[in-house]
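Single-structure report; data block below.
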Amino acid sequence: MNQGGFSHQSLNQQLRQVSESMQLLQLQLSEKTALEFTKSSIFFLSFGKEDYIDLFLHNSSNPMLNQSAQYFATILVNQMTNAMRYLYDANARKIICLGVLPLGCTPRIAWETNQTSNGDINGNGCVDNVNNWVLEYNRLLGEHIVQLNAEFSDAHIVFCDVYSGILEIINRPRFYGMFFSPVQN
């Protein structure tokens, strides 16, 4: 997908690139050295944000919006879980999974919600129903990571909760040194 000059690769494309990179390592290094390198490397997965953006912004008539937040989150988390299993099978042992940030607080979603329906925006300028969908994804992803860590005792998979961190800054901007002044004409 290429929108506005930014290119997003599917999870499958990213996993193919990882596989090709690992094959190149094995060709350049010995198999043992490549294995040690892979096991000591940190793999970073960020997946789901574009799917939610597409769901809420680009497809307002998307039939998926009629499904539950859990249904959509389950589909995405299952894909992420499969990716983590794939990486583990490829000898990755250190994996960081980035959660999705509170997309309901982004200016574009708040603006579009304000244009189409009134009353969905909370006092912080965030769209609660969008954030609830994202929270469900993050919750399920966190649960799956706990299960995978139990299953793969020699792996260390970490969930990076950017949602809570960003929401903390939104709720307490002055505490974090952000001072907003009214826009002057």
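Among the residues of the stretch 57-75, those identified as part of a helix (DSSP H, G or I) and modelled with pLDDT under 75 are His58, Pro63, Met64, Leu65, Asn66. Across the stretch 142-172, what is the total count of residues that are among the small types (Gly, Ala, Ser) and in contact with a helix residue (DSSP H, G or I) (Cβ under 8 Å, 6 or more places away or on another chain)? Count: 1. Just to be sure before I move on: is Ala34 crowded, with 17+ Cβ neighbours inside 10 Å, under 25 Å from Asn138 (Cα atoms), at pLDDT 90 or above and not aromatic (Phe, Trp, Tyr) in the structure I sent? Here the answer is no, as Ala34 does not meet what is asked. Cβ separations smaller than 6 Å between residues 6+ apart or across chains give no pair from the stretch 159-185 residues that are small (Gly, Ala, Ser) to residues that are in a strand (DSSP E or B) and at pLDDT 85 or above.
The values are calculated or read from the model by the stated rules, or taken from the named source; none is laboratory data. Since the structure is predicted, the reported quantities are computational estimates derived from the model, not experimental observations. Note that we place each Cβ from the backbone using ideal geometry, even for glycine, and neighbour counts take in every protein chain shown.
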